[in-house]
């Protein structure tokens with residue numbers, strides 16, 4: 001009991017420090033770094049939610065782009081001011097219902113999440129009732145449909161022109177705050193009795209069902225929780241980049257999320273977060289190789305798309321030769337950290353004492 | 001004696017192939033009954049029909065008078081039928097104790113939200129599940145493996161763990177699909193004693209599949225013999241051993257010794 | 001709608017459906033055997049088109065040499081993918097195989113962007129495929145009958161292979177029960193490679209014909225036809241080669257006819273196939289030709 005409370009205190013202290021750091025970063029960091037950190041949090045949410053479905057429940061969903069798009073458009077439409085909407089919708093007028101609708105950021109994010117979850121339920125219901133494999137194709141197809149709809153439903157989405165001038169409410173507290181909520185819910189869920197049932201479904205559907213686990217219910221639960229947070233992350237994204245159009249949400253996004261999650265370790269939330277942050281930062285750091293740069297008098301033409309080639313090669317190598325990824329299925333824990341340091345301290349002393357005895 | 005499970009003219013066809021043909025039988029509460037037959041005779045298909053993995057093409061499966069044919073497997077488990085599999089199907093990503101308490105999940109009262117929020121009700125239920133799981137493991141002599149990976153257990157213990165997991169669902173009827181498969185004769189004998197032990201200890205009814213006749217001869221008071229999807233004999237071991245149909249179909253005409 | 005324009009749309013739909021059919025055969029064979037949705041299959045369509053393009057435009061080969069070479073190279077790549085990325089994972093949980101398929105698709109698409117360039121390229125049809133023909137009042141370009149006839153020929157050859165040759169029969173057995181077939185002395189690895197070979201070749205042929213019909217090629221051109229061909233495979237009952245052909249044909253015709261009868265829905269054409277998929281999963285999950293598949297327990 002004492003040990004548990006120590007860990008609680010550590011977590012609490014860590015969160016406090018972390019929040020203070022976020023506030024400091026938000027006030028003093030330059031916008032470029034803030035943007036990268038925000039993206040880290042958003043991609044982490046994507047990876048964690050994908051891991052819930054993929055790593056813990058054994059289902060394959062490729063709909064992240066579509067669900068993020070739903071969240072993004074909902075949040076954009078609910079946070080844009082009536083004046084901005086008028087500016088945006090100059091080709092065709094916006095639907096009257098949406099014209100003057102404007103809500104504070106928090107409720108719009110909740111609605112973004114619920115909207116994505118609702119659509120997720122409609123897609124997964126037929127797909128999951130049958131063979132789980134079809135979820136992959138149904139969700140991938142869905143994220144392509146969503147793009148078709150976004151382009152064609154001009155009076156809601158402003159078509160291919162997209163939406164501009166979204167307020168940009170997202171800051172580090174919002175993005176990392178939601179990541180923490182997402183991690184909390186996901187971690188508690190996968191450690192609960194429901195999570196055990198999900199893992200059982202992942203390991204062996206036939207045996208899980210024979211032990212009384214309702215397959216459909218548990219797959220659906222994992223999928224909907226995932227959709228909700230993807231929707232929220234989409235909302236955060238829209239309010240981070242301020243301009244969205246259907247091209248932002250290409251199915252490539254889903255492939256990237258698969259890659260990040262596999263590299264972090266299927267079944268490790270810590271791994272998902274670390275991999276998502278590394279991915280975002282490396283992608284930024286490697287930007288130069290895609291644009292022309294000069295060394296002395298030599299001009300090297302950049303190769304557009306090279307970063308993604310590298311990423312997909314690494315991904316394939318990880319899948320083939322290092323299936324565990326960064327973290328396997330282990331998580332960061334305070335006990336783990338303390339043991340790690342104790343071991344490092346003990347090891348040298350152990351050797352030296354052995355040396356003196358002999 | 002009350003009838004716990006009743007199969008009424010159960011037929012299962014796959015396309016043109018009839019795997020089970022008009023199979024009827026009754027299993028009485030508290031008994032230990034064996035279903036034997038050569039490979040491919042339709043034994044596992046019967047189990048799959050009883051547990052809802054297959055819907056019978058014709059006929060009915062009644063549990064305590066209630067029709068369960070065509071119901072979803074997890075619902076049938078909830079009604080009191082648990083099973084093991086011929087090829088061991090443990091959850092590799094869960095430890096031994098967790099493997100067992102997955103079987104308790106269907107009795108969980110707390111909803112997902114209160115589980116995530118760790119409300120007192122859920123905390124109590126979780127604690128109870130773990131305690132019951134440990135007690136169950138202890139009663140089967142598996143408690144010192146509780147926190148190990150299931151794949152690290154010796155083969156025979158993995159078989160026992162599968163049985164433990166099925167018992168965790170609090171079944172009235174336990175179906176064991178070739179529990180002694182792949183075991184040496186001595187180990188198989190030990191396992192059969194183990195099965196007798198749980199029959200008593202948990203106040204169960206057990207219906208088990210075996211394809212080696214001698215394994216069940218000693219311990220099962222009643223044996224049903226199936227060949228080519230049809231029941232060819234039913235009765236005490238002595239009756240089965242002397243039944244001409246069984247000797248011909250099962251042991252093979254020349255194999256009298 | 002006049003009878004002429006109806007027939008015109010029909011021929012258009014049949015040729016589109018023929019392309020879906022060619023592509024969906026590869027999906028259905030691989031899924032039938034390995035239960036793997038080969039996400040990279042659509043990208044082989046793209047590779048086939050690009051190889052043909054470079055054969056003609058860069059190496060100035062005549063089309064009758066460039067096209068078979070393109071099919072050959074694509075087939076080799078298909079085999080390499082199977083050997084390098086899928087085969088090592090066959091013993092692992094299927095979810096790994098899925099991830100590998102996604103990674104391969106991702107890699108092929110990104111490589112294509114880097115190597116071929118992201119901008120669309122204009123695919124030059126051989127002259128004999130670019131003639132306007134007229135039968136009565138129905139006018140069409142000569143590629144339409146060529147696509148249809150080529151598809152019929154290729155499908156006939158395929159059917160002969162899988163029904164008459166030993167490898168083909170083994171392949172069908174494999175899709176019923178991979179373990180038992182292996183136990184009966186069939187070299188499963190070789191047969192799986194054979195399935196990938198056939199599927200890749202047909203995908204490449206489909207890609208070249210696709211580029212002839214829609215002569216703008218780009219690195220992501222295979223994605224949409226790939227998805228739709230998969231849906232066609234589900235429509236026909238996945239694992240069933242005849243079903244894939246019929247499903248593809250049906251999807252193509254229905255797609256074109258839908259737009260012909262309801263021009264206001266033209267923008268939603270691509271969404272239509274998925275609506276079919278969802279409805280299908282709800283009401284006829286085993287497809288129009290499919291039989292109920294029971295998992296072995």
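The values are calculated or read from the model by the stated rules, or taken from the named source; none is laboratory data. Here the structure is a predicted model, which is why all the values come from computation and not from measurement. Please note: Cβ atoms are built from the backbone with ideal geometry, for glycine as well, and neighbour counts cover all protein chains shown.
Assorted remarks:
- Residue A:155 vs. criteria at the interface with another protein chain (Cβ under 8 Å from one of its Cβ atoms) and either part of a helix (DSSP H, G or I) or closer than 30 Å to residue B:108 by Cβ (or both): no
- Residues that are surrounded by fewer than 24 Cβ atoms within 10 Å (Cβ to Cβ) and closer than 30 Å to residue C:3 by Cβ, drawn from region C:200-230: C:213, C:214, C:215
Yes/no per residue for (1) within 14 Å of chain C (Cβ to nearest Cβ); (2) at pLDDT 90 or above; (3) under 30 Å from residue C:88 (Cα atoms):
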{"residue": "A:270", "(1), (2), (3)": "no, yes, yes"}
{"residue": "A:273", "(1), (2), (3)": "no, yes, yes"}
{"residue": "A:276", "(1), (2), (3)": "no, yes, yes"}
{"residue": "A:282", "(1), (2), (3)": "no, yes, yes"}
{"residue": "A:292", "(1), (2), (3)": "no, no, no"}
{"residue": "A:301", "(1), (2), (3)": "yes, no, no"}
{"residue": "A:330", "(1), (2), (3)": "no, no, yes"}
{"residue": "A:345", "(1), (2), (3)": "no, no, no"}
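- Options A:183, A:173: the member that is touching a helix residue (DSSP H, G or I) at 6+ places or on another chain (Cβ under 8 Å), surrounded by fewer than 20 Cβ atoms within 10 Å (Cβ to Cβ) and within 14 Å of another protein chain (Cβ to nearest Cβ): A:183
- Within the set C:110, C:96, C:9, the sole residue that is in a helix (DSSP H, G or I), farther than 15 Å from residue C:199 by Cβ, over 20 Å from the mean Cα position of the chain (by Cα) and away from chain A (no Cβ under 12 Å) turns out to be C:9.
- Checking region A:213-228 against the condition returns a match, with at least one residue being within 14 Å of chain B (Cβ to nearest Cβ) and closer than 21 Å to residue A:40 by Cβ.
- Counted residues, region B:152-182 - those being within 11 Å of chain A (Cβ to nearest Cβ), more than 15 Å from residue B:141 (Cα to Cα) and either part of a helix (DSSP H, G or I) or without any contact (Cβ under 8 Å) to a residue 40 or more places away in the chain (or both): 1
Each row is one residue, and each column tells you yes or no for (1) facing chain A (nearest Cβ under 10 Å); (2) outside any helix (DSSP H, G or I); (3) on the phi > 0 side of the Ramachandran plot.
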residue: C:227; (1), (2), (3): yes, no, no
residue: C:237; (1), (2), (3): no, yes, yes
residue: C:249; (1), (2), (3): no, no, no
residue: C:255; (1), (2), (3): no, no, no
residue: C:259; (1), (2), (3): no, no, no
residue: C:267; (1), (2), (3): yes, no, no
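- Filtered residues of region A:246-267 (kept if crowded, with 24+ Cβ neighbours inside 10 Å and more than 14 Å from chain C (Cβ to nearest Cβ)): A:249
- Residues that are within 20 Å of residue C:112 (Cβ to Cβ), over 14 Å from the mean Cα position of the chain (by Cα) and free of Cβ contacts under 8 Å to residues at least 40 places away in the same chain occur in region C:204-226; there is at least one.
Residue by residue, here is whether (1) within 14 Å of chain A (Cβ to nearest Cβ); (2) loosely packed, with under 15 Cβ neighbours inside 10 Å holds:
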position: C:84; (1), (2): yes, yes
position: C:116; (1), (2): yes, no
position: C:128; (1), (2): no, yes
position: C:138; (1), (2): no, no
position: C:157; (1), (2): no, yes
position: C:178; (1), (2): no, no
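- Among the residues making up region B:214-230, those that are in contact with a strand residue (DSSP E or B) (Cβ under 6 Å, 6 or more places away or on another chain) and within 22 Å of residue B:30 (Cα to Cα) are B:216, B:220, B:222, B:223, B:224, B:225.
- Matching helices (runs of 4 or more DSSP H) fully within region B:56-128 where at least 1 residues are within 11 Å of chain A (Cβ to nearest Cβ) and touching a strand residue (DSSP E or B) at 6+ places or on another chain (Cβ under 7 Å): B:73-79
- Yes/no for residue A:148 being modelled with pLDDT under 95, within 12 Å of another protein chain (Cβ to nearest Cβ) and surrounded by fewer than 18 Cβ atoms within 10 Å (Cβ to Cβ): yes
- With respect to the conditions (1) at the interface with chain C (Cβ under 10 Å from one of its Cβ atoms); (2) surrounded by 24 or more Cβ atoms within 10 Å (Cβ to Cβ); (3) under 25 Å from residue A:189 (Cβ atoms), residue A:126 falls short on a single one, namely (2).
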